[in-house]
Amino acid sequence: MSTTTHPTLAELRAEAMEWGRRPRRFGSWYVTEHMVRAMRAYGWTIIVGALGQPIMYLLGLAVGLAALIQVPVIDRGQEVDYLVFVAPALLVTAAIAVASEEMTYPVMAGFKWRRYFYGFNASPLASPQIAHGVIAGAAARMFVAVGAYYLFLWIFDLFVETVPSPGTGWLAIPVGVAAGLAFGVPLMAYAGSIEDDKGQFALVQRFIFMPMFLFSGTFYPLDTLPVWLQWIGWISPLWHGAELGRIATYGEAVSAGEVLFHVGYLVVLTVLGYLWGRRIFIERLAK
Amino acid sequence: MPQPVISAHNLVKAYRSKGKPDFLAVDGLSFEVAPGESFGLLGPNGAGKSTTMKMIGAVSTRTSGDLEILGLDPDRYGPEIRSRLGVVPQQDNLDGELNARENLYIYGRYFGLPGKVCHQKADELLAFAQLEDKAKNKVDQLSGGMKRRLTIARGLINDPRILLLDEPTTGLDPQARHVLWDRLFRLKERGTTLVLTTHYMDEAEQLCDRLIVVDKGRIMAEGTPSSLIREHSSREVLEVRFGSDRNEQVAAQLQGIGDRVEVLPDRVLIYAGDGEAALERVTSAGLHPITSLVRRSSLEDVFLRLTGRSLIE
């Protein structure tokens, strides 16, 4: 045994109480910092995706499809150009695409492949703070993706109208992030619940993300679809987000009730997903 | 005696699964660890060592019993306790997306250390772990021994009062083990309390001031390595091999030589104060082993005596 003089138990206890203060308060942000740093490893994919996707979609639709669809879209009795109609939905899709990446494989890696969540958990961080950090890290990337989209809409607007109501149009950015989280947070909980990777994420991509993208009134008003297909839109955070995005970028008179309904739906999905995810993080990390 | 930094009394961890009786991974462990002590949990795989470590590490809650770490209850003060612990888990859980230095830096941030301090500590610890030239390497490019050293370095980022090491050298080659042991000795000299689990008896003998031998979640024996050997084994052991099909049969004729005879599938162990003398008695009885070896008793022998089983199965 060493001959060093050791502090008393009372001193050690006081020291621990002092050391625990900052992690208890800021722990979620420390995990966010980690997640954002780890994203730098695939930083190029993020940047190219965030910049390339809007350019391709907007050019393809503005120059190609919109040229074909000369007839304006009638949305809530309001006539808008096709590009104006489709742009907010594409912006929201960008956030949801980020969610489908950031809330799946990194979560699985944290619990199983690389087990770094267990490393976080051995430090003063508490399990819910780890979930918070994952969510905040993904939200940061969504913000970049959606922000880039909005920037491109604004640039395109110099040539063809894309955002008729610039005064409220910027609200499409928080709306995009909110929709991304409404999809992503429950997905994080699901990813955390998976013990063995049997290709579940590929199934999510094919059977949840793709149908949602195609049937959520992204490319045409939802009521164009027969009623038996419209339900996909009703339950999809993409549709609720896209509707809010449309209200922000060109909507004129909408009732507060309609806005509240869409916002409320996104909030409920996020909160339910959070509660589920929090439980999974606590239980799985304590095993 | 100074107050213990870890005290466990009747510690129990039960795992419940539907339709099955509770599985008691830890079944009433009681022990105390003094500040600056190097304390070991020795036992085979599945003995409950890692589960105990997780409870001491304030990540897994106990089912019953009392547990205090640094004078605090881990159920209530988990973050506070963990802020003063260093943890080296059995499986490395470094972040492969980050390089060696970043892994240290970001871990320091979790303790609320300012960025500048984290950078400084990261450099110091890279030197301590002899990984300065690997600072910019992604973790995935490091060898097993280097990852282990980096994990230990990471566990030291907060100058912990207690360092928990779960099977620190499993899977490492002999040279890497010795480098690691050397680093742990240095920590011990600095007064860090070490708690380690191992199923290597040489490691326990090298590193532990005191240890408990654990099997099936219970303490089988407690003491210093030398006192355990003294108490539960003879000074020397004679190992003789007669061929796997003859060992059992010959063992009957060996009874009475030495204090005790133990038959393993591949060899017969004769516990005796003087191994050479025991060997002479074997040969004078007309028995000629294919190979023979006289060695000092080890913790392996203690474990075999206490449980009737070998540590590494």
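With respect to the conditions (1) without any contact (Cβ under 8 Å) to a residue 60 or more places away in the chain; (2) facing chain A (nearest Cβ under 10 Å), B:Asp123 falls short on a single one, namely (2). Can we say A:Ala10 is small (Gly, Ala, Ser) and within 30 Å of A:Trp154 (Cβ to Cβ)? So A:Ala10 does not fit the description; no. One residue alone among B:Pro74, B:Pro79 is outside any loop (DSSP other than H, G, I, E, B) and buried (at least 20 other Cβ atoms within 10 Å of the Cβ), and that residue is B:Pro79.
Criterion applied to B:Gly28, B:Gly46 was being in contact with a Gly (Cβ under 8 Å, 6 or more places away or on another chain), in the same structural domain as B:Gly155 (by TED's automatic domain parsing) and surrounded by fewer than 21 Cβ atoms within 10 Å (Cβ to Cβ), and the one residue passing it is B:Gly28.
The residue that is nearest to the chain's Cα centre (by Cα), among those in the stretch B:65-88 that are aliphatic (A, V, I, L, M) and more than 8 Å from chain A (Cβ to nearest Cβ), is B:Val88.
All conditions in (1) aliphatic (A, V, I, L, M); (2) assigned to a loop (DSSP other than H, G, I, E, B); (3) at pLDDT 95 or above hold for B:Val12, with the sole exception of (2).
Restricting A:Met39, A:Met35 to residues that are in contact (Cβ under 8 Å) with a residue 40 or more places away in the chain and within 9 Å of chain B (Cβ to nearest Cβ) narrows the list to A:Met39. Residue pairs whose Cβ atoms lie under 7 Å apart, sitting 6 or more positions apart in sequence or on different chains, and linking a residue in the stretch A:99-123 that is away from chain B (no Cβ under 11 Å) to a partner that is aromatic (Phe, Trp, Tyr) and buried (at least 23 other Cβ atoms within 10 Å of the Cβ), are A:Ala99/A:Phe183. Which one is farthest from the other protein chains (Cβ to nearest Cβ), of the residues in the stretch B:102-114 that are under 20 Å from B:Pro160 (Cβ atoms) and not aromatic (Phe, Trp, Tyr)? By that ranking, first place goes to B:Leu104.
Checked against (1) over 30 Å from B:Met53 (Cα atoms); (2) surrounded by 22 or more Cβ atoms within 10 Å (Cβ to Cβ); (3) in contact (Cβ under 8 Å) with a residue 60 or more places away in the chain, B:Tyr271 meets all criteria but (3).
Scanning the stretch B:232-252 for residues that are farther than 23 Å from B:Asp202 by Cβ and either in contact with a Gly (Cβ under 9 Å, 6 or more places away or on another chain) or surrounded by 17 or more Cβ atoms within 10 Å (Cβ to Cβ) (or both) yields a count of 4.
Taken over the stretch A:159-174, the criterion of being surrounded by 24 or more Cβ atoms within 10 Å (Cβ to Cβ) and within 20 Å of the chain's Cα centre (by Cα) is satisfied by A:Ala172 alone.
Residues being within 14 Å of chain B (Cβ to nearest Cβ), surrounded by fewer than 21 Cβ atoms within 10 Å (Cβ to Cβ) and either farther than 30 Å from A:Tyr250 by Cβ or at pLDDT 85 or above (or both) are entirely absent from the stretch A:72-92.
All of (1) more than 28 Å from A:Ala242 (Cα to Cα); (2) at pLDDT below 90; (3) within 19 Å of the chain's Cα centre (by Cα); (4) surrounded by 15 or more Cβ atoms within 10 Å (Cβ to Cβ) hold for A:Gln53 with one exception: (1). Of B:Gly96, B:Gly36, B:Gly19, B:Gly28, all but one fail to be on the phi > 0 side of the Ramachandran plot, part of a loop (DSSP other than H, G, I, E, B) and in contact (Cβ under 8 Å) with a residue 40 or more places away in the chain; the exception is B:Gly36.
The values are calculated or read from the model by the stated rules, or taken from the named source; none is laboratory data. Nothing here was measured: the structure is a model prediction, and the numbers come from that model. Every residue, glycine among them, receives a Cβ derived from its backbone with ideal geometry; neighbour counts consider all protein chains shown.
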